[in-house]
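Since the structure comes first, as structure tokens, the remarks are kept for the end.
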Amino acid sequence: MDHRGHVKIADFGWSVHAPSSRRQTMCGTLDYLPPEMVESRPYTASADMWCLGVLCYEFLVGHPPFEAKEQAVTYGNITSVKYAIPVGFPEGARDLISKLLQKDATKRITTADVCEHPWIKKYRDYPIHFS
């Protein structure tokens, strides 16, 4: 958390400085892999936006959206973008997550778009209280 109370999340376990913005290494936690990585296609920073969508879903539901008992089924769920939205799920969150979990990486919203999303803006300045 920074001095203004903003939460920052980072995982540098697979970070790399690369002149090319396209990567081809299969890496990461299975439930968070984007379709392009599962399908062994090159990927860009938009893979991080997919991961953000998975993380948002998991925060709200309690488990990743594509999770299955068998790895092959999880892979299939990811590549077909097959997940269930529970009853009572906030509509704004549904909209945000659906824009992050786009199979076509070029259609995923950007970090700037996330910051301007109505559901994020609604809660962005919500006060956080620690006991």
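Here are the numbers for the structure shown:
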item: Residue-span extension gain [Tyr126 to Lys69] - 0.36 nm each, minus C-alpha spacing; result: 16.8 nm
item: Cβ-derived FRET efficiency at R0 30 Å, Thr110 paired with Glu58, nearest 0.05; result: 0.90
item: Fully extended contour minus Cα-Cα distance, from Ile85 to Lys103, at 0.36 nm per residue; result: 4.8 nm
item: Segment 33-124, relative contact order in percent, only Cα pairs under 8 angstrom and at least six apart counted; result: 33
item: Sorted by Cβ neighbour density within 10 Å, fewest at the top, the residues Arg41, Arg94; result: Arg41, Arg94
item: Average projection area in nm² (convex hull over Cα atoms of segment 33-124, one quarter of hull surface); result: 5.9
item: Segment 98-106 - phi-based ³J(HN,Hα) in whole Hz, Karplus 6.51/-1.76/1.60, Gly and Pro as x; result: 5, 7, 8, 8, 9, 4, 6, 4, 6
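No value in this document is a laboratory result; all are computed from the given coordinates. Small disclaimer: the values here were computed from a predicted structure and weren't measured. For neighbour counting, all protein chains shown are included, and Cβ atoms are generated from backbone atoms with ideal geometry for every residue, glycine included.
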